[in-house]
Amino acid sequence: MASRNREDAVLVIGLGRFGGTLAQTLQELGHRVVAVDRNHDLVQQWSGQITHVIEADATSEVVMRQLGAHEFRRAVVAIGTEIEASVLATGVLLDLAVPEVWSKAITREHGRILERIGANHVVYPERDAGERVAHLMTGRLIDFL
Ligand code: ATP
């Protein structure tokens, strides 16, 4: 992919349920997506649906630079349960001066670390889904939105 295109594209790290859905939805919305996951099977699984899927370890700055991560304007770290990998991958993108880094957090403490190292946006998908379902169940989704 030419480097000018990369500026408009979104780099998605981690193809779990959250990252995979995010990557697919962004693509359906017309955005160029480059997805990275270190799991070979997941990469194979998603390669039919997402145009650019790369098998790599996102905690390695050398590897991420080789992939051209520094050319992206926006990136999402969709690693949750492995907090160390989440923090390291977020740090690598920040060190590579990606201007807009979104990171997924599982717990408040995890989120606080991501904020402290400089993540621009920290999202809590599980917490947000719980709130949304509670509002849906009580018919108060309009108030919530
Ligand atoms: P979800 O709830 O979205 O399914 P999760 O919160 O359980 O995911 P993890 O399983 O920790 O999150 O990670 C999501 C994805 O990130 C996995 O597919 C995993 O292979 C990938 N991943 C984890 N560490 C790395 C890494 N260092 N480099 C690239 N991908 C990674």
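For first residues located in segment 117-145 and at pLDDT 90 or above, partners that are aromatic (Phe, Trp, Tyr) and lie 6+ apart or on another chain with Cβ distances below 6 Å form the pairs His121/Trp102; Pro125/Phe18.
Of the candidates Ile54, Ile106, Ile50, the single residue that is surrounded by 14 or more Cβ atoms within 10 Å (Cβ to Cβ) and not in a loop (DSSP other than H, G, I, E, B) is Ile54.
Report yes if Ala9 is among the small types (Gly, Ala, Ser) and more than 15 Å from the ligand (Cβ to nearest atom), otherwise no. Spelling it out, Ala9 is indeed among the small types (Gly, Ala, Ser) and more than 15 Å from the ligand (Cβ to nearest atom).
A residue that is surrounded by 13 or more Cβ atoms within 10 Å (Cβ to Cβ), hydrophobic (A, V, I, L, M, F, W, C) and within 13 Å of the ligand (Cβ to nearest atom) can be found somewhere in segment 123-136. Phe72 meets the conditions (1) hydrophobic (A, V, I, L, M, F, W, C); (2) in contact (Cβ under 8 Å) with a residue 60 or more places away in the chain; (3) in contact with a Ser or Thr (Cβ under 9 Å, 6 or more places away or on another chain) in every case but one. The failed one is (3). None of Ala23, Ala97 is within 13 Å of the ligand (Cβ to nearest atom) and among the hydrophobic types (A, V, I, L, M, F, W, C) except Ala23.
Contact map, segment 17-43: first residue over 15 Å from Ala75 (Cα atoms) and among the hydrophobic types (A, V, I, L, M, F, W, C), second residue part of a strand (DSSP E or B) and within 15 Å of the ligand (Cβ to nearest atom), Cβ cut-off under 8 Å, separation 6 or more or different chains; pairs are Val43/Asp37; Val43/Val53; Val43/Ile54; Val43/Glu55. If you check Val92, Val87, Val62 for being in a helix (DSSP H, G or I), within 14 Å of the ligand (Cβ to nearest atom), more than 22 Å from Arg17 (Cα to Cα) and in contact (Cβ under 8 Å) with a residue 24 or more places away in the chain, only one passes: Val92. Residues that are within 26 Å of Ala97 (Cβ to Cβ), hydrophobic (A, V, I, L, M, F, W, C) and assigned to a helix (DSSP H, G or I) within segment 11-42 comprise Phe18, Leu22, Ala23, Leu26, listed in sequence order. For the structure I just gave you, tell me whether Val77 is within 21 Å of Asp128 (Cβ to Cβ), near the ligand (Cβ under 10 Å from one of its atoms), under 15 Å from the mean Cα position of the chain (by Cα) and crowded, with 18+ Cβ neighbours inside 10 Å. Considered against the rule, which asks whether it is within 21 Å of Asp128 (Cβ to Cβ), near the ligand (Cβ under 10 Å from one of its atoms), under 15 Å from the mean Cα position of the chain (by Cα) and crowded, with 18+ Cβ neighbours inside 10 Å, Val77 comes out as yes.
The values are calculated or read from the model by the stated rules, or taken from the named source; none is laboratory data. Here the structure is a predicted model, which is why all the values come from computation and not from measurement. Ideal geometry is used to build each Cβ from the backbone, glycine not excepted, and the neighbour counts take in all protein chains shown.
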